[in-house]
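What follows is a short report on a single structure.
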Amino acid sequence: MSNRRLLPLAAAMIAGLGYVSSAQALFEDNDARIAINAMRKDMVTMQAQISRLENGQKASLALSDQIASLQERQSVLSGRLETLENRIAQQEKNSRDLYTDLDSRLRKLDGRVAKAETAAQNAPAGEPGSDPAAQGQAAAASNEKGFYDRGLSSFQSGQYADSVKAFSSLISGYPQSTYLPEAMYWQGNAYFALQKYKEAAAVEDRLTRQYPNSTRTPDALLSLASAQTALGNIRAANSTLTSLQKRFPKTEQAKLAAQRQKELKAALPPEPEAAPKTSKAGKKKAR
């Protein structure tokens, strides 16, 4: 075969090889594009999964914080509940002690009143109209005693509102009455029975200030401390009991005060911390 015939054949073969190479390259590019698209889809899917996981982790952390906060609040509420339960138990005990003490005192008072009435009945009566001033005093004393007896009788029968009214009439109408310390004491206890602790504390405090040397003052201080405890003023109640023991050290009321102070210790709030003192040198530097 001559060289002239071989040249066209060789050229055709070379062209064919170039076409095959181009086609192969085209197929490889398509495969690469498909692979890239698939990888991109996978990356988008993975990114979405990562985002969901991150969001879930954030939600989990937030939930964990909420749980920790709720547990802390529950602990605080449990502490407050325990404090309130102790305070209620203390108030109930104080009320029982108070009414036990009142019952014994009422019985003693009934005996004294009965003796006084018997003495008044046995006293010789004067001639009618002989002394108008004495008759007026006798009438006033009778009215005072009537208000006092009514207040005390109402208290004994559990009609505390009526008891308060009767004693109020005596206190406002007869400011110089010898019944006043007793009337104020029982009125304070009537207020306490009505759970009007603020009014009870005010009346008993007034009694202790207005009649510091009255035989009723130690009892009034005990009642005042009970009202202050019921109001939640534990520190004030403790101070009142301390004052009672100092002013009337050798009395039954002082013994009761010491006992109640021991019972109040658990509910007594801690003393506030004193502010740190600054030295003179420190003050000069601050200036």
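Among the residues making up region 132-154, those that are over 19 Å from residue 214 (Cβ atoms) and modelled with pLDDT of 90 or more are 146, 149, 150, 153, 154. Here is the figure for region 164-182: residues that are surrounded by 15 or more Cβ atoms within 10 Å (Cβ to Cβ) and either out of contact with any Lys or Arg (no Cβ under 8 Å at 6 or more places or on another chain) or closer than 21 Å to residue 215 by Cα (or both) total 13.
Within region 235-267, being touching a residue at least 40 places away in the same chain (Cβ under 8 Å) and of a type in the set (A, V, I, L, M, F, W, C) holds for 256, 264, 266, 267. Scanning region 211-229 for residues being under 13 Å from residue 183 (Cα atoms), assigned to a helix (DSSP H, G or I) and over 28 Å from the mean Cα position of the chain (by Cα) gives a total of 1. Selection of region 190-217 for residues being farther than 19 Å from residue 234 by Cα, in contact with a Ser or Thr (Cβ under 8 Å, 6 or more places away or on another chain) and not hydroxyl-bearing (Ser, Thr, Tyr) yields 190, 207.
Filtering region 230-268 to residues that are at pLDDT below 95 and of a type in the set (Ser, Thr, Tyr) leaves only 251. Hey, could you check region 182-234 for residues that are in contact (Cβ under 8 Å) with a residue 12 or more places away in the chain and among the charged types (D, E, K, R) and say which is nearest to residue 152 (Cα to Cα)? My answer is 182.
The values are calculated or read from the model by the stated rules, or taken from the named source; none is laboratory data. Just so we're clear, the structure is a prediction, and the values are computed from it rather than from any experiment. Counting neighbours? That spans all protein chains shown, and the Cβs are built from the backbone with ideal geometry, glycine included.
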